[in-house]
Structures are given as structure tokens and as C-alpha cells.
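Here's the structure, in C-alpha cells; my notes come after.
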Amino acid sequence: MILAITTLVEDHVIGEVSLWLRDADARVMEMGFALLPEVQGRGYAHEAVHELLTSAFDHLAAREVIGVADRRNVISTSFMHRLGMSPRSDDDETSLTDLLVIDRKAWQRQRGSDHVASPTDLIE
Ligand SMILES: CC(C)(COP(=O)(O)OP(=O)(O)OC[C@H]1O[C@@H](n2cnc3c(N)ncnc32)[C@H](O)[C@@H]1OP(=O)(O)O)[C@@H](O)C(=O)NCCC(=O)NCCS
């Protein structure tokens with residue numbers, strides 16, 4: 001699934017977020033994100049990916065969402081850290097990529113009292 005990020009006022013496309021089903025049995029999805037350079041640093045990417053994670057966990061029954069970034073792309077890795085994602089414990093340190101992960105429980109804890117029970121909570 002690839003979704004455009006648009007501004008509310010002018011309806012311009014300023015980037016995209018994506019979700020890929022990586023393991024249907026384990027309900028693991030991988031997310032992607034990219035924003036046009038001229039609109040970075042304003043919180044738009046954070047807002048869009050926050051909504052993407054909400055959809056993944058609340059509506060698409062994901063158990064775990066991963067993000068993969070080239071190890072040189074420190075902006076992406078710190079962006080995922082700010083979303084509450086953690087490096088995968090078995091991540092190979094010699095790898096050229098960083099793999100970060102957030103699971104359903106961590107996402108719900110992070111959202112705290114914001115969280116309203118969704119139909120997919122019953123799957124757990
Ligand atoms: C990774 C990427 C999406 C991050 O975009 P971003 O705009 O920096 O991320 P955020 O939406 O979290 O914005 C955070 C910045 O907005 C600021 N900000 C302003 N208003 C804000 C608000 N209301 N909420 C949150 N942050 C806000 C923050 O202070 C922060 O600024 P800082 O970086 O100077 O500290 C972007 O760098 C990108 O598209 N990179 C190229 C594509 C790419 O590498 N994709 C990933 C491949 S794995």
C-alpha cells in the first residue's frame with residue numbers, strides 16, 4: 001500500500017508513506033517514508049507515519065512493523081527512534097542497513113490514554 005502525503009490547505013502531494021506485508025502468518029509489515037526536501041523538518045513525516053502505524057495496528061491487524069534504512073541514512077534512523085521504534089536485538093552489526101521495529105504492545109503503551117480499543121485488539 002502506497003499513500004500520498006498531501007497538505008490540507010493546498011492539497012499538494014509532498015511525499016509518500018508505504019506499508020508492505022512481509023510475513024502474513026507472523027503479521028509483520030514493513031513501512032517506508034519519504035518527504036520532499038523543501039518540506040522536511042516541519043513534523044509532516046512524523047504525523048503521516050504516526051497515522052500509518054495507527055492504521056497498521058488498529059485496522060490491518062499488524063503484530064509488528066519494521067523499518068529498514070541504509071546505515072548512512074542517520075536522519076531516517078533517528079526519525080524512526082523518535083517514533084518509538086527500537087533496533088532489532090538480533091540485527092547484524094556488520095549489515096549495511098539498520099533495522100528498527102515496533103510491536104503492537106509498544107505502540108499501544110506509547111499511545112497511552114489516547115488509545116481506543118479497536119476490533120483488531122481482539123485478535124491478540
Ligand atoms: C526521513 C524523513 C522522512 C524525515 O523527515 P522530517 O521532516 O525530518 O521528520 P519529522 O516529520 O519528524 O520532522 C521533524 C522536524 O520537524 C520539527 N517540527 C516542527 N513542527 C513539528 C511538529 N508539529 N511535530 C513534530 N516535529 C515538528 C522538529 O523539531 C524536527 O526538526 P529537527 O529535525 O530540526 O529537530 C526525511 O528526512 C526524508 O524524506 N528523507 C529522505 C527519504 C528517506 O530517506 N526515506 C527513508 C528511506 S529508509
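The number of residues in the stretch 24-40 that are of a type in the set (D, E) and either within 12 Å of the chain's Cα centre (by Cα) or within 10 Å of the ligand (Cβ to nearest atom) (or both) comes to 1. Which members of the stretch 41-64 meet the condition of being away from the ligand (no atom under 16 Å from the Cβ), under 18 Å from R109 (Cα atoms) and among the hydrophobic types (A, V, I, L, M, F, W, C)? Selection gives A56, F57, A61, A62.
Please determine whether any residue of the stretch 98-106 is assigned to a loop (DSSP other than H, G, I, E, B) and either of a type in the set (K, R) or within 12 Å of the ligand (Cβ to nearest atom) (or both).
As a first pass, look at the stretch 98-106 and keep what is assigned to a loop (DSSP other than H, G, I, E, B): none.
No: zero hits.
The number of residues in the stretch 26-53 that are touching a Phe, Trp or Tyr at 6+ places or on another chain (Cβ under 8 Å) and more than 13 Å from M80 (Cβ to Cβ) comes to 3.
Conditions (1) at negative phi; (2) among the hydroxyl-bearing types (S, T, Y); (3) in contact with a strand residue (DSSP E or B) (Cβ under 8 Å, 6 or more places away or on another chain), marked per residue:
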| position | (1), (2), (3) |
| --- | --- |
| L36 | yes, no, yes |
| Q40 | yes, no, no |
| D58 | yes, no, no |
| I75 | yes, no, no |
| S86 | yes, yes, yes |
| T94 | yes, yes, no |
| T97 | yes, yes, yes |
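Scanning the stretch 1-23 for residues that are surrounded by fewer than 14 Cβ atoms within 10 Å (Cβ to Cβ), within 17 Å of the chain's Cα centre (by Cα) and over 12 Å from A56 (Cβ atoms) turns up I2, A4, D23.
For the stretch 66-81, taking the residues that are in a helix (DSSP H, G or I) and near the ligand (Cβ under 6 Å from one of its atoms), the one that is surrounded by the fewest Cβ atoms within 10 Å (Cβ to Cβ) is identified as I75.
Quick note: the coordinates plus some simple rules give every number you see, no bench work behind them. Since we're looking at a predicted model, the values are computed, not measured. Please note: Cβ atoms are built from the backbone with ideal geometry, for glycine as well, and neighbour counts cover all protein chains shown.
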